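The values are calculated or read from the model by the stated rules, or taken from the named source; none is laboratory data. All of these numbers come straight from a predicted model, not from anything done at the bench. Here Cβ is always computed from backbone atoms with ideal geometry, including for glycine, and neighbour counts include all displayed protein chains.
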Amino acid sequence: MHLRIKYGKTREGKFLSHLDLMRAWERAFRRGAIPLAFSQGFNPHPKISFGSALAVGVTSSGEYMDVELKKFREIKEIKATLENYLPLGLKIYDIVEIDPATPSLMSKINRAKYQVQGKLIEDFSATQGEEIAHQLLAEENIIVQSYSKKGFKDKNIRPGIFALSIEVDEINKSVLVEFIVQTGSQGNIRPEEVMQALHGLGLPVSIDLMDFHREGLYIDEAGHLFSPLS
Amino acid sequence: MRKYIEENILPKVEKPLRYLGDEWNVVKKPWADVRLRTVFAFPDIYEVGMSHLGLSIIYNVVNEEPDFLMERVFAPWVDMEEQLKIHNLPLFSLESYKPLYEFDVIGFTLQYEMSFSNILNMLALGKVPLKSEERDDNHPLVIAGGPCAYNPEPLSDFIDAFILGEGEEVTIEVFRVIAKNKEQGNFSREKTLRELAQIKGIYIPKFYDVEYFPDGKIKSITPNVPYASAKISKRFMKNLDEAYFPTKPIVPYLEVVHDRAMLEVLRGCTRGCRFCQAGMLYRPVRERSPEVLKEQAEELLKNTGHNELSLTSLSTSDYTCVEPLIKELLDKYENEGVGISLPSLRVDSFSMGLAQQVQRVRKSSLTFAPEAGTQRLRDVINKGVTEENLMKVARHAFENGWSQIKLYFMIGLPTETNEDLDGIADLAYKVLNLGDEIRKDNGARGPQPKVTISVAGFVPKAHTPFQWEPQVNLEKLKEKQQYLGSKIRNRRITYNYHEAKLSFVEAIFAKGDRRLGKALYRAWEKGCKFDGWSQHFKYETWLEAIRETGLDPEWYAYRTLNYEDILPWEHIDIGVKKQFLSKEHQKALEIATTGDCRFKHCTVCGICQDFDVALDLKGGK
């Protein structure tokens, strides 16, 4: 039986690395006695595959994983069991049974939607926020310093940004930035890179104190966004 | 406090999950619901502490009591310490984020001498006065247990009460006394300590006076109050089947050093290796029944979701029921992808049958400890293992698909010569050559065999037959390390050795007396912490600290003791008699071996004669 699970990482779980997350899921299945299927070979691994890894420190309400079970179980029962045995920090939204031939999450997911929220450290109006959003989208190239194992290098993130809006709450002096970016095998835009660009354009925030949330992962087909569950 | 730390501090430290405390099976009790609030303090990082079975046992046995709560605190890594200081926050417990100074009791575990500086650092960060005499009736009681409590003297300035021996029962007894005193109002440390001194296994250092001769040796150790007994005997569990065992241990989010479910198959080891402290401290051997273990395994796996079950003990292949137990466990769990691991194996009891069982699910690495390179020296240390034993298990291992074997050795052992070091290199080559031969016979398929030898410097420990022996001096130890290195010239033999300077400081404290407390305090003041972590170990600072307090580091580590000398741990009774240890020491020098009482006659070490306990083997003698 093949399952696709939509799940989220809450505030309590945001410091779990991808490896921690994989262990946490395997253990929850085991505690719940849901019969995972295992790979053959020297070191058997449960057949669980994930969509796109989420950075440490980011919460999410739209992550996906595919799981293969050895035996059939009712979806409702699986969901209820997992909810009982998941540690704090992980949350299940939906489970569907999928055709074993369904293409992998990894091969299909290519968009991620983020919401980044935080305090404004200087006076800033809603109009100014809209202007910066327009300004960013009007550029053809936006070069940021991207950090990788080899060190810092220049990266043009503009082709990977598909939508962006800035909502300023003037009363509470806070801002919510929402954007859709490229993710997956075709290239990956990190949310802090987008924030770095906005900061460069004059958005008065301190990026490392903001809350980063991934609202969801999507599949873009000819300009339309689809959920991996559909 | 928790919200503030989560938002402002955790994003800035390397591994925030070390400080979060929301793990599966964590126990969080409301503070108002209990009579006594305690915290288990592990003086190393989370990943090390959470791999420790003792923590799991004590944490759970205490929390099973509705009247008490026990939380956890680990040594914060240096980045976290820096953040705490920047934000002016005290070190806090993981469960409730309460500062250490708010607890009634702080209990440290003493696993290793080189974690002592972390104890001081944790108390300081937790805003608790370091010295026992500086703490008043409003401060927490600071207690400690674990193997290093058997020579507690270097810590006697800082610890109010030591618990000697196995802690399942005595910890609860201690907490009951403290809770009662807390409830009576006008809590008095003095009165509480007086009552604690009357519990068997409790050592309160301030109730003892130590006098010295002009040459620095100890003249006497005597109680200075009528209610402190001249000798303090260790506590032990008579029957392991009836002892508490935690089957709902905490499951860390973070990958810890031993990331698996732990099943304790036996306690104690009577092989009688003469350097080994654990082998003397935890006598006699007491096994758990296979029936009890199978039930515990079932519950452990169900409650944790671990995919690996480790059969732990000082020497698991010596468990009299090990083969049938492993077979049954694997028959039951291998389809669920659960592996079994055996962390401590002896070459003379590891069989073909075991090798084949263990590799059914998942191959863990194989480690054996011949400890010395020649039969002569192995007889001196009473290791009781032969080259033939080693070659036989190496053959089993290579034939069963293992390609890597790890071997542990010690250098600087009493009577050691270069010939013994040559022997270490020879053994490594012989094992490697055997692996090559077997691989050739199998058509040269698979990875090439590899051998790792890990070589530790010998540190004489209290309560062992070698307690009277000096440590080899630092220069000599380094020479030995280099000599051995020069004998190993094969890229498929990896040679690891321990930092000799660390072994030297370890030796000072392992056999140290209470005068060293000042040196420890001074070292902490000068910034010593995480000494077991090579990047933080400050050798020069340690030596300065010891010398500044008027003590001679070399006197502590390099001095040969006489049988008549009063030892700093003379008042601590582990059940094994001093006469047994001195006889064993003499036999070592005569290259005479002593058998294991499990397989041969009783060695009259004293434990079963003087203490109400007996050898307990479930598979028969």
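The listed residues are A:9, A:47, and the only one of them that is surrounded by fewer than 17 Cβ atoms within 10 Å (Cβ to Cβ) and either within 12 Å of another protein chain (Cβ to nearest Cβ) or small (Gly, Ala, Ser) (or both) turns out to be A:47.
State all residues of the stretch A:31-51 that are closer than 24 Å to residue A:108 by Cα and charged (D, E, K, R); if no residue qualifies, say none. Full working, then the answer.
Within the stretch A:31-51, the first condition is being closer than 24 Å to residue A:108 by Cα, and the residues that meet it are A:36-39, A:45-51.
Matches in the stretch A:31-51: A:47 only.
Condition (residue is of a type in the set (Val, Ile, Thr), touching a His at 6+ places or on another chain (Cβ under 8 Å) and within 11 Å of chain A (Cβ to nearest Cβ)) applied to the stretch B:294-308: is it met by at least one residue? Checked against the condition, which is being of a type in the set (Val, Ile, Thr), touching a His at 6+ places or on another chain (Cβ under 8 Å) and within 11 Å of chain A (Cβ to nearest Cβ), the stretch B:294-308 yields no hits at all.
Every condition in (1) assigned to a loop (DSSP other than H, G, I, E, B); (2) within 25 Å of residue B:259 (Cα to Cα) is met by residue B:90 except one, and the failing one is (2). Cβ-Cβ distances below 8 Å connect the following pairs, each with a first residue in the stretch B:99-124 that is more than 12 Å from residue B:531 (Cα to Cα) and assigned to a helix (DSSP H, G or I), a second residue that is at pLDDT 95 or above and among the β-branched types (Val, Ile, Thr), and a separation of six or more residues or different chains: B:100/B:39; B:100/B:73; B:100/B:106; B:100/B:128; B:101/B:128; B:122/B:73; B:123/B:106; B:123/B:142.
So which of B:422, B:441 ends up being at pLDDT below 95 and surrounded by fewer than 17 Cβ atoms within 10 Å (Cβ to Cβ)? Spell out how you get there, then give the answer.
On the way: B:422 fails: at pLDDT below 95.
Sole residue among the options that is at pLDDT below 95 and surrounded by fewer than 17 Cβ atoms within 10 Å (Cβ to Cβ): B:441.
Selection of the stretch A:190-218 for residues being modelled with pLDDT of 95 or more and either of a type in the set (Val, Ile, Thr) or outside the structural domain of residue A:122 (by TED's automatic domain parsing) (or both) yields A:194, A:205.
Just one residue in the set A:98, A:142 is more than 20 Å from residue A:212 (Cα to Cα), out of contact with any Asp or Glu (no Cβ under 6 Å at 6 or more places or on another chain), among the β-branched types (Val, Ile, Thr) and assigned by TED's automatic domain parsing to the domain that holds residue A:39; that residue is A:98. Out of everything in the stretch B:48-76 that is in contact with an Asp or Glu (Cβ under 7 Å, 6 or more places away or on another chain) and surrounded by fewer than 21 Cβ atoms within 10 Å (Cβ to Cβ), what residue ends up being farthest from residue B:176 (Cα to Cα)? It comes out as B:53.
Taking strands (runs of 3 or more DSSP E) as the structural unit, those lying wholly within the stretch A:1-86 and holding at least 2 residues that are basic (Lys, Arg) correspond to A:2-9. Looking only at the stretch B:234-271, count every residue that is within 14 Å of chain A (Cβ to nearest Cβ) and among the basic types (Lys, Arg) and tell me the total. Of the residues in the stretch B:234-271, 2 are within 14 Å of chain A (Cβ to nearest Cβ) and among the basic types (Lys, Arg).
Answer yes or no as to whether residue B:483 is surrounded by fewer than 20 Cβ atoms within 10 Å (Cβ to Cβ) and under 24 Å from residue B:125 (Cα atoms). No.
Residues that are more than 23 Å from residue A:59 (Cα to Cα), part of a helix (DSSP H, G or I) and touching a residue at least 24 places away in the same chain (Cβ under 8 Å) occur in the stretch A:108-127; there is at least one.
Quick check, is residue B:384 assigned to a loop (DSSP other than H, G, I, E, B), over 26 Å from the mean Cα position of the chain (by Cα) and surrounded by fewer than 21 Cβ atoms within 10 Å (Cβ to Cβ)? No, not satisfied. Going through the stretch B:330-352 one residue at a time, which ones are more than 23 Å from residue B:257 (Cα to Cα), touching a residue at least 12 places away in the same chain (Cβ under 8 Å) and more than 14 Å from chain A (Cβ to nearest Cβ)? Answer for the stretch B:330-352, where residues must be more than 23 Å from residue B:257 (Cα to Cα), touching a residue at least 12 places away in the same chain (Cβ under 8 Å) and more than 14 Å from chain A (Cβ to nearest Cβ): B:347, B:348, B:349, B:350, B:351, B:352. The residues of the stretch B:161-206 that are under 12 Å from residue B:235 (Cα atoms) and in contact with a Ser or Thr (Cβ under 7 Å, 6 or more places away or on another chain), listed by number, are B:163, B:200, B:201.
All conditions but one from (1) within 30 Å of residue B:179 (Cβ to Cβ); (2) without any contact (Cβ under 8 Å) to a residue 24 or more places away in the chain apply to residue B:50; the one that does not is (2).
Test of understanding: among B:509, B:537, which residue is under 30 Å from residue B:586 (Cα atoms) and not β-branched (Val, Ile, Thr)?
On the way: B:537 fails: under 30 Å from residue B:586 (Cα atoms).
None of the other options fit; the residue is B:509.
Yes/no per residue for (1) within 22 Å of residue B:142 (Cβ to Cβ); (2) aliphatic (A, V, I, L, M); (3) in a loop (DSSP other than H, G, I, E, B):
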{"site": "B:4", "(1), (2), (3)": "no, no, no"}
{"site": "B:7", "(1), (2), (3)": "no, no, no"}
{"site": "B:18", "(1), (2), (3)": "no, no, no"}
{"site": "B:26", "(1), (2), (3)": "no, yes, yes"}
{"site": "B:29", "(1), (2), (3)": "yes, no, yes"}
{"site": "B:40", "(1), (2), (3)": "yes, no, no"}
{"site": "B:44", "(1), (2), (3)": "yes, no, yes"}
{"site": "B:47", "(1), (2), (3)": "no, no, no"}
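Scanning the stretch B:187-222 for residues that are in a loop (DSSP other than H, G, I, E, B) and touching a residue at least 40 places away in the same chain (Cβ under 8 Å) gives B:187, B:188, B:204, B:216, B:217.
Figure legend. Inter-residue proximity from the stretch A:37-64: first residues of a type in the set (Asp, Glu), second residues part of a strand (DSSP E or B) and modelled with pLDDT of 95 or more, beta-carbon distance below 7 Å, spacing 6+ or different chains. Indicated pairs: A:63/A:7; A:63/A:8; A:63/A:9; A:63/A:217. Test residue B:540 against the stated conditions and say whether it is in the same structural domain as residue B:277 (by TED's automatic domain parsing) and of a type in the set (Asp, Glu). For residue B:540, the condition - in the same structural domain as residue B:277 (by TED's automatic domain parsing) and of a type in the set (Asp, Glu) - is not met.
Within the stretch B:193-205, the set of residues being surrounded by fewer than 21 Cβ atoms within 10 Å (Cβ to Cβ) and farther than 14 Å from residue B:223 by Cβ comprises B:195, B:199, B:200.
Only one of the listed residues (A:57, A:32) is facing another protein chain (nearest Cβ under 10 Å), under 30 Å from residue A:210 (Cβ atoms) and either modelled with pLDDT of 95 or more or under 25 Å from the mean Cα position of the chain (by Cα) (or both). That residue is A:57.
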